[in-house]
1. Taking only pairs six or more apart or across chains, which ones have beta-carbon atoms under 7 Å, a first residue in region 3-19 that is on the phi > 0 side of the Ramachandran plot, and a second residue that is modelled with pLDDT under 95?
2. Could you say which residue among R125, R94, R132 is at pLDDT 95 or above, among the basic types (K, R) and within 30 Å of P304 (Cα to Cα)?
3. Is region 75-83 home to any residue that is within 16 Å of the chain's Cα centre (by Cα) and crowded, with 22+ Cβ neighbours inside 10 Å?
4. Could you give every pair whose Cβ atoms fall below 6 Å, whose first residue belongs to region 137-161 and is touching a residue at least 60 places away in the same chain (Cβ under 8 Å) and buried (at least 16 other Cβ atoms within 10 Å of the Cβ), and whose second residue is of a type in the set (D, E, K, R) and not in a helix (DSSP H, G or I), counting only separations of at least 6 or pairs across chains?
5. Being in the same structural domain as N364 (by TED's automatic domain parsing), more than 30 Å from Q91 (Cβ to Cβ), surrounded by fewer than 17 Cβ atoms within 10 Å (Cβ to Cβ) and under 23 Å from the mean Cα position of the chain (by Cα) is true for just one of R266, R239, R292, R284. Which residue is that?
6. Out of the residues in region 310-342 meeting the condition of being at pLDDT 95 or above and acidic (D, E), tell me which one is surrounded by the fewest Cβ atoms within 10 Å (Cβ to Cβ).
7. Would you confirm, using the coordinates I've provided, whether V42 is touching a strand residue (DSSP E or B) at 6+ places or on another chain (Cβ under 7 Å), in contact (Cβ under 8 Å) with a residue 24 or more places away in the chain and crowded, with 21+ Cβ neighbours inside 10 Å?
Amino acid sequence: MKIGLTIAALPGATDYTNSYTLAAISAWVKRSIPGVEVLYSVELDTLLSCDEVWCTATSDAWDIVNKLGREVSRAGKRFVVGGHHATALPQTLRYGEAHRGQLEQYVHPDELPLPDWSIFTQQKRPLVITSRGCPYNCNFCSSSQFWRGYKARSPRKVLEELCFHATAGASDIVIFDDLFIADKRRLHAIVELVVRTGLDKIEYSCLVRANLIDQHTVNLLRAMNVRHLAFGAESGSDRVLALMNKRATVADNQRAIDILAANGYRPTISLIAGYPGETLEDLRLTQQFIERNRSKCNIIDVYPCIPFPGTRLWDWFVRARGIDIHNFDWRSLNLNRQTIDWDRYNLLTDQYSKKHLVELIQWNESEKLKAAA
């Protein structure tokens, strides 16, 4: 049997975790099906030479998924689609089957094999995911619902994967957990192993959370040689953070930035504009937060608020706007600020016009360019 793995994505989309997902699927398939051949391709002719085609995709590329599914099904091949959208809205898949498999439902993550990077002909930047899900439950995020809680691999298994990349010559590794520092005892154990085995010579990047940042945690990350940190501050307004169920405050965000800056870090910060109920005053507070912290941060990004399927925000959007999911413009969920079509974009707040949100994002992009010059 030959299984073709592929990614459906809009032009210009950034491949954050899709490659890792397919490498993990390949490893699981090869262990589960003796003699199976697995290949990765984005070429239709190559995929149609396989017995089955398995695809991963986000919501904004769902029209591409259905077009691919039509071609695969016409060729008499099995078409399988996974990911957050396929799990949240399987009824929007017109061809093939939506799949929620072992990778999403596992209870003991240490039992899963390490990702199979051999399916890629070009070397991907080393990406490691040591845990799935998040113990928090922000309204705009689907992670906790999709992964059904927070599940983490043991420090020993994390070390095994880091050693794999070190042996392959990696000099920097991106740890793309939703929240790498969620479990402080586990973090401490991982850092001890990394230092003991000399893997602290590699540079690491990871995602953190403002209300979990303290001096002890920063000391651990420095000992591990984490050079780059990022977290979602989301808003400069406590009122909006409460609406988001962020369980963090503007003061938490400021304290985290200040602690990180005092320790030589310039974190990357992301913010969301356009959340339901956000006012022009809230937007002004976000702009002031950016202005206060621009010099302390590496990059500050502002993203338009988008209701992704599988989130409570999506559920609100469907109810409030009377959305028909079978006749919905999925490209309106495009998060890429370079390719977003503002005419398609659904502004979720009714407290100001779309032009105010666009102006803030464009102002921030302009200020980023000035700071980088």
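1. Every condition considered, the pairs that remain are G12/N336; G12/Q338; G12/T339.
2. R94
3. Looking for residues that are within 16 Å of the chain's Cα centre (by Cα) and crowded, with 22+ Cβ neighbours inside 10 Å, one finds at least one in region 75-83, hence yes.
4. So the pair list comes out as C138/K246.
5. Exactly one of R266, R239, R292, R284 is in the same structural domain as N364 (by TED's automatic domain parsing), more than 30 Å from Q91 (Cβ to Cβ), surrounded by fewer than 17 Cβ atoms within 10 Å (Cβ to Cβ) and under 23 Å from the mean Cα position of the chain (by Cα), namely R266.
6. D324
7. It is false that V42 is touching a strand residue (DSSP E or B) at 6+ places or on another chain (Cβ under 7 Å), in contact (Cβ under 8 Å) with a residue 24 or more places away in the chain and crowded, with 21+ Cβ neighbours inside 10 Å.
The values are calculated or read from the model by the stated rules, or taken from the named source; none is laboratory data. Every value quoted in this text rests on a predicted model; they were computed, and no experiment measured them. Here Cβ is always computed from backbone atoms with ideal geometry, including for glycine, and neighbour counts include all displayed protein chains.
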